[in-house]
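Step one of this worksheet: look at the structure below.
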Amino acid sequence: MQSFSSTYKNQLQELFINKSDLVIDFPKWLLSDQSIENYRSISKLALVEIAGRDSIAAAVKSVQEYGFTDLLPTYVYTGTEYGPWDTVNQALLRLKNRLPKVRVHPLIVLGSPDFWKALNGAFISELSSIYGFYTPCIGCHLYLHAVRIPLALFLSNIPIISGERERHDSSVKINQIPEVLDLYKSLTETFGIQLRLPLRKITRGQEIETILQMDWQENKEQLHCSLSGNYRLVDGSVEMNKTQVVRYLNEFAVPCSEKIVREYISEKIPNHVKIAKQIIQNLKPVGSTQ
């Protein structure tokens, strides 16, 4: 089992704290030329997300289903997380302990606060006016997948493994309904990258614990989001409808993400907010007859 030095862990934590634009042009200590060459030579390598227990269970199930021999763990920051960074290290340790015969490579931390802002923060009033609702959760999950696309492409089109699920026992999450997951996948597939969702049809949390073979309560021992559950009313219900959500993704969030990713893969740092603004200016407000 590969162990990571305390220096490396501290450097990763520093990236998480500073949250610079880090989608391409990784520092050599994080992604060296030798590492790149090595990753490109591995035929059964997958890029996996590191978040809560579902992401670890998805990594485990992807190995069982697709026979991956190597996993490249990635953590994407958003700017809304809080909690102890060590929960990420503990999630990695759990993954390595659960899959002792699989090579789990050093964690890569990446992200772009401006990308997140363009989708979810810069034009809240405009998006609310156009679509009749607002939540950052849908655009946030799209962002989490989109940020990984350039890296997956750079490493010879490796698949991305995610722990998205359509249902969570009796709870429905608006950012993980079937129509939304299909559009997340459509974005990655536009670039020839497979977004694999091995937990997609799993509804019961108990099944996740069975895959993990360990006790790990849902939404525990992980970083948290300060905006979690923002789309729910005080009684826990959700009033958004699928038509609104799909329209938001098709007209704004997916095209915006695609344009931004294309800038990155052409080795440019995008003007994220400008791209979002241009798309919004071409959209019609709700009820408009223009």
Counting only residues that are crowded, with 16+ Cβ neighbours inside 10 Å, of a type outside the set (Phe, Trp, Tyr) and more than 13 Å from residue 146 (Cβ to Cβ), the range 252-271 contains a total of 0
Residues of the range 138-185 being small (Gly, Ala, Ser) and at pLDDT 90 or above, in sequence order, are 139, 146, 152, 156, 162, 163
Residue count, the range 194-209, condition outside any loop (DSSP other than H, G, I, E, B) and at pLDDT 95 or above, comes to 2
Of the residues in the range 256-290 that are more than 19 Å from the chain's Cα centre (by Cα) and of a type in the set (Ser, Thr, Tyr), the one that is modelled with the highest pLDDT is 266
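Matching residues to (1) in contact with a Ser or Thr (Cβ under 8 Å, 6 or more places away or on another chain); (2) among the aromatic types (Phe, Trp, Tyr); (3) closer than 22 Å to residue 186 by Cβ:
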| position | (1), (2), (3) |
| --- | --- |
| 50 | yes, no, no |
| 58 | yes, no, yes |
| 64 | no, no, no |
| 85 | no, yes, no |
| 98 | no, no, no |
| 101 | no, no, no |
| 104 | no, no, no |
| 128 | no, no, no |
| 132 | no, no, no |
Of the residues in the range 33-54, those that are of a type outside the set (Asp, Glu), at pLDDT 95 or above and assigned to a helix (DSSP H, G or I) come to 34, 35, 36, 38, 39, 40
Picked from the range 33-61 (must be more than 20 Å from residue 146 (Cα to Cα) and among the small types (Gly, Ala, Ser)), the residue surrounded by the most Cβ atoms within 10 Å (Cβ to Cβ) is 57
Taking the range 16-32 and keeping residues surrounded by fewer than 14 Cβ atoms within 10 Å (Cβ to Cβ) and not in a loop (DSSP other than H, G, I, E, B) leaves 17, 18
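Condition check ((1) part of a helix (DSSP H, G or I); (2) among the hydroxyl-bearing types (Ser, Thr, Tyr); (3) crowded, with 22+ Cβ neighbours inside 10 Å; (4) modelled with pLDDT under 95) across all residues:
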site: 79; (1), (2), (3), (4): no, no, no, yes
site: 91; (1), (2), (3), (4): yes, no, yes, yes
site: 110; (1), (2), (3), (4): no, no, no, no
site: 116; (1), (2), (3), (4): yes, no, yes, no
Flagged pairs (Cβ under 7 angstrom, 6 or more apart or on separate chains; first in the range 5-26, more than 13 Å from residue 107 (Cβ to Cβ) and modelled with pLDDT of 95 or more; second among the charged types (D, E, K, R) and surrounded by 16 or more Cβ atoms within 10 Å (Cβ to Cβ)) are 21/114
With criteria (1) over 20 Å from residue 250 (Cβ atoms); (2) surrounded by fewer than 20 Cβ atoms within 10 Å (Cβ to Cβ); (3) at pLDDT 95 or above; (4) of a type outside the set (Val, Ile, Thr), residue 191 comes up short on (1)
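The values are calculated or read from the model by the stated rules, or taken from the named source; none is laboratory data. Not measured: the values here are computed from a predicted model. Note that we place each Cβ from the backbone using ideal geometry, even for glycine, and neighbour counts take in every protein chain shown.
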